[in-house]
Amino acid sequence: MQTGAQLPNYIGGQWRPAATSEHLAVVNPATAETLAQVPLSGGADVALAAEAAAAAFPEWRRTPPEERVQYLFQLKRLLEEHWEEIARLLTVENGKTLAESRGEVRRAIENVEVACGIPTLMQGYSLEDAARGIDETLIRQPLGVVAAITPFNFPVMIPLWFLPYALACGNTFILKPSEKVPLAIARVFQLLERLKLPPGVVNLGHGAKAAVDALLDHPAVRALSFVGSSPVAGYVYSRAAASGKRVQCQGGAKNYAVILPDADPETTAPMVSESAFGCAGQRCLAVAVAVTVGEAQRWFPEAIRAAASSIKVGYGLDEGVAMGPVITPQSKARIEALIGQGASEGATLLLDGRGAEIPGYPQGNFVNPTLLDDLPPRSALMTTEIFGPVLSLMHAPTLEAALEILKQCPYGNAASIFTGSGAAARKFRHEVPAGNVGINVGVAAPMAFFPFSGWKGSFLGALHAQGRDAVEFYTEKKVVIERWPK
Ligand code: NAD
């Protein structure tokens, strides 16, 4: 990829320059180097993509599922072959470490693997003699043109929460990736091009709000998947629903972990630390608040301080680095301001990551791991998504009191408990108002064959990404009631 090169869109089986002259710089968050210029496509580009996808649909839906998944088997092979190269690109544009990027590409590939099961997953069901002389059959049919709008923090995995299932089910697809990180997914589309799919089956339109608005309003787009912050999720959900589209929106998060006194003292702090500070805290499943219960307050703050302060921060391509920068200078400024707010609201700074200086990378958006102890119960930080390497600590006398704290959170993406007690874990699992639950697991990330199940302010819609939910989302059910008189 040439420095400063203008990225083309991929529409109707061709790479073509966007109609817009507006571009945005794509910047390496560790080095501040400009990597490319991404077009801010608008209505004309989205219309081209929607028309190409609509034209490709009739033939693609008639292509047998068994033939459709052959393309995905090839895609898996190509992704495996180019795994390392894509992972490096991911680190360069997003900032996460190479190990984290490799893990992300692995998770992306798993979704391709699951979608290869469509000939089984997409089956309907039938009943002979549903009524006297009448047979009834449920079949699933694709919707048509579907689109996905994705965030900066998982530039390859999140688009692949949608693309493989949409295609396998017989839909044609438009992706509008994050304008901050368009490079690794553009590389994936170069691999998709090699599959020789019929033109228009997959389309890539770069851009930001104007492209999203055009997708929301285009009549050919039947369904939309969105992943990003909650305010934008709410906007996309209501505008898409107003025009009758099927829509699923995964929003922001504020995830809690509860540490009971009988949690394993060896493994708990490292797992919470990895969850809070991995990907520089820019995971929607990151633990943001750890609530110690009773005696756990005696050992956990010191254990997590030791784990957090041992993290080597730097450029994700460099050896031994365990945490990279945050995505933009604006993110860094926002995170540092929220750390200041936590301290001014009464929390104690056990570790202050502001003003990080990383040798060799003076321009990088680095924030060191930060720990705010004794966050007051009325602090705005209890419910504000920071989306950076900041972990707040709270303390509760009992599991019941800890659960009451969690129930006040407007988000419900994930929650974890660390304990040696099956009864406590069962109570937590039963009562916690979150959709992805970890039991002695710090990052409660469902595998591709399970839905990514955010709740409350973290999700709008009914069917989630991945697994069987994806098949439900991307198909329409039709019930055929048959009688054949003699
Ligand atoms: P974002 O909301 O800023 O952007 C997401 C997408 O929406 C991008 O493609 C962007 O171009 C587009 N967009 C941004 N502003 C828009 C507007 N005003 N109108 C229309 N479209 C707009 O999110 P981000 O900063 O890229 O990603 C971080 C957020 O995503 C965090 O809140 C994080 O919790 C969330 N996230 C959630 C999940 C989940 O599964 N729930 C997963 C990953 C990230």
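Where a number appears in this text, it was derived from the coordinates with a stated rule and is not lab data. The model shown is predicted, which means the values in this text are computed figures rather than measured ones. Backbone-built Cβ (ideal geometry, glycine too); neighbour counts: all protein chains shown.
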>> Suppose we keep just the alpha-carbon trace of the range 17-105; what are its Rg and Dmax in angstrom?
In response: 17.7, 48
> Quick one: helix 268-277 against the long Cα principal axis of the chain, what's the angle to the nearest 10°, folded into 0 to 90?
Replying inline: 60
> Separation between the Ala380 and Ala25 pseudo-spin-labels, each 7 Å from Cα along Cα→Cβ, expressed in nm?
Replying inline: 3.1
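So if each residue of separation counts as 0.36 nm, and I subtract the Cα-Cα distance between Asp318 and Phe449, what length gain in nm does that give?
Working: separation 131, 0.36 × 131 = 47.16 nm, distance 3.33 nm.
Separation in residues times 0.36 nm, less the Cα-Cα distance, equals 43.8 nm.
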>> Suppose R0 equals 22 Å. What FRET efficiency, 1/(1 + (r/R0)^6) with r the Cβ-Cβ distance, do Arg194 and Leu463 give to the nearest 0.05?
In response: 0.10
>> Could you tell me how far the Cα centroid of the range 223-246 sits from the Cα centroid of the range 133-210, in Å?
In response: 16
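Most exposed first by the Cβ proxy, i.e. fewest other Cβ within 10 Å, how do Val441, Val247 rank?
Details: Val441 16, Val247 23.
Lowest to highest Cβ neighbour count: Val441, Val247.
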> Of Ile304, Leu260, Ala337, which is farthest along the charge dipole of the range 253-353 in the positive direction, counting Lys and Arg as +1 and Asp and Glu as -1 at C-beta?
Replying inline: Ala337
> Reachable lysines from Lys254, Cα under 26 Å, same-chain residues fewer than 8 places away excluded?
Replying inline: Lys96, Lys176, Lys180, Lys209, Lys312, Lys332, Lys407, Lys427, Lys456
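Please compute the length gained on full extension between Arg61 and Thr348, using 0.36 nm multiplied by the number of residues separating them and subtracting their Cα-Cα distance.
Details: separation 287, 0.36 × 287 = 103.32 nm, distance 5.87 nm.
Full extension of this stretch gives 97.5 nm more.
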> What are the principal axis extents of the Cα atoms in the range 1-151, in Å, biggest first?
Replying inline: 72, 38, 23
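Given Cβ point charges of +1 (Lys, Arg) and -1 (Asp, Glu) and nothing else, what value in debye, to the nearest 20, does the dipole of the chain about its Cα centre take? Don't jump to the answer; show the numbers that get you there.
Working: 42 positive and 46 negative charges, 226 e Å.
Magnitude of the dipole: close to 1080 debye.
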>> Which one, Ala130, Leu90, Ala445, is farthest towards the positive end of the dipole of the chain when Lys and Arg carry +1 and Asp and Glu -1 on their Cβ?
In response: Ala130
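Note down the magnitude of the dipole of the range 1-125 about its Cα centre, charges +1 on Lys and Arg C-beta and -1 on Asp and Glu C-beta and zero elsewhere, to the nearest 20 debye. Each step should come with its number before you reach the end.
Numbers: 11 positive and 16 negative charges, 37 e Å.
My answer is approximately 180 debye.
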>> Let me see the P(r) profile for the range 364-426: every Cα-Cα distance counted, bins of 10 Å, each bin given as a percent of all pairs.
In response: 16, 48, 28, 7, 1
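Assuming 0.692 mPa s and 37 °C, estimate D for the range 143-253 with Stokes-Einstein, Rh taken as the Kirkwood radius over Cα pairs, in µm²/s.
On the way: Rh = 13.9 Å.
Reported coefficient: 236 µm²/s.
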>> Please rank Tyr235, Tyr411, Tyr315, fewest neighbouring Cβ atoms within 10 Å first, as an exposure proxy.
In response: Tyr235, Tyr315, Tyr411
> If R0 is 30 Å, what FRET efficiency do you get for Glu404 and Thr267 from their C-beta distance, rounded to 0.05?
Replying inline: 0.65
>> What is the distance in Å between the Cα centroid of the range 345-359 and that of the range 274-289?
In response: 16
>> Quick check: residue separation of Glu476 and Ala210 times 0.36 nm, minus the Cα distance between them. What number comes out in nm?
In response: 92.9 nm
> Given a Förster radius of 22 Å and the C-beta distance between Lys486 and Leu138 as r, what FRET efficiency does 1/(1 + (r/R0)^6) yield to the nearest 0.05?
Replying inline: 0.30
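Evaluate 2.2 N^0.38 Å with N set to the residue count of the range 255-439, then give the Cα radius of gyration divided by it.
Details: Rg = 15.8 Å, N = 185, 2.2 N^0.38 = 16.0 Å.
Here the answer is 0.99, to two decimals.
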>> No solvent, one uniform scatterer per C-alpha: report log10 I(q)/I(0) for the chain via the Debye equation at q = 0.08, 0.13 1/Å, two decimals.
In response: -0.50, -1.20
>> What number does the range 92-149 give for Rg over Rh if you use C-alpha atoms and the Kirkwood radius?
In response: 1.30
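Output the antiparallel fraction of DSSP beta bridges having both residues in the chain, as a percent to the nearest 5. Before the final figure, lay out the partial values.
Values: 30 of 72 bridges.
Beta bridges within the chain, antiparallel portion: roughly 40 percent.
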